[in-house]
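Here is the structure we will look at.
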Amino acid sequence: MSQPETTAPDRTLVIVKPDGVRRGLTGEVLRRVEAKGYRVVELRLLTARSEQLAAHYAEHEGKPFYGPLVEFMSSGPLVAAVVEGHGVVQGFRSLAGATDPTAAAPGTIRGDLGRDWGLKVQQNIVHGSDSAASAEREIDIWFGAGA
Ligand code: IDP
Ligand code: MG
C-alpha cells in the first residue's frame, strides 16, 4: 500500500485580542500568519461570551490577573481564527513572542506591536494555543457546536 506524501497538518487557535482589533492590527497579524506560509481555515469576528472566556482561561482562574484578563477580553470584539500548517502550534507561539510585550523580541507580533500600558493585565495583541491538545480544546470553544 502506498504511503501518503505528507502527514496531516497541525491546527492552532489564534485570537486577535480586543486591543489588536481596536488598534486596527487584525490585518497585520493575519498577514504575518500568511506570510509565514500558514493557512487561515476558519475566521470569526465576535464579542466573547463569559462562558467562553471562563472555559478558555480556566487554567488561570484564581491568579491575580484573572479578573482583569476576562474583563479585557470582553472589552470589545475579537477575531478568532483556526490556522493550519505543520508545526503551527509552536510556530505561531514563535511568531507571537513572549507573553510580556516589553520582553518580547523585536520581530515578533508582541515585540513589534505591543507594549506595557501600566494595566493589571498585559494587553499583548494575540493568543496562540500552547499545545495540540489545547488547540483542539480551544477550537471547540470558539468554533464548535456550542460556540
Ligand atoms: P500566553 O498568552 O503567552 O499563553 P498565559 O500565561 O497563558 O500567556 O496568560 C494568558 C494571558 O494573561 C496573557 O497573554 C496575558 O494577556 C495575561 N497575563 C499572563 N501573565 C500575566 C501577568 O503576570 N500579569 C498580567 N497579565 C498576565
Ligand atoms: Mg496561554
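A short reminder: the numbers here are calculations on the coordinates, not readings from a lab. Bear in mind the structure is a predicted one, so any value in this text is a computation, not a measurement. Here the Cβ is made from the backbone with ideal geometry for all residues, glycine too, and neighbour counts use every protein chain on show.
Summary table
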| quantity | calculated |
| --- | --- |
| Sites Ala147 and Glu71 - FRET efficiency at Förster radius 25 Å, r taken between beta-carbons, to 0.05 | 0.75 |
| Principal axis dimensions, the chain - Cα atoms, whole angstrom, descending | 59, 36, 25 |
| Proximal lysines to Lys120, defined as alpha-carbon separation beneath 23 angstrom and excluding residues fewer than eight positions away on the same chain | Lys17, Lys63 |
| Relative exposure of Arg44, Arg11, judged by other C-beta atoms within 10 Å (fewest first) | Arg44, Arg11 |
| Value of [θ]222 nm, deg cm²/dmol, for the chain, DSSP H segments ≥ 4, -39500 (n - 2.57) each, nearest 500 | -10500 deg cm²/dmol |
| Relative contact order (%) - the stretch 1-126, alpha-carbon pairs under 8 angstrom, separation at least six | 34 percent |
| Given charges at Cβ of Lys, Arg, Asp, Glu: the stretch 1-76 dipole, positive-most of Val29, Pro68, Val41 | Val29 |
| Highest-first arrangement of 89-96, 36-43, where packing means the average Cβ count within 10 Å | 89-96, 36-43 |
| Mean Cα-pair separation over length for the stretch 90-147, i.e. relative contact order, pairs under 8 Å, 6 or more apart, % | 26 percent |
| Sorted by Cβ density within 10 Å, fewest first, the residues Trp117, Trp142 | Trp117, Trp142 |
| Dipole magnitude of the chain about its Cα centre (Cβ charges: Lys, Arg +1; Asp, Glu -1), debye to nearest 20 | 420 debye |
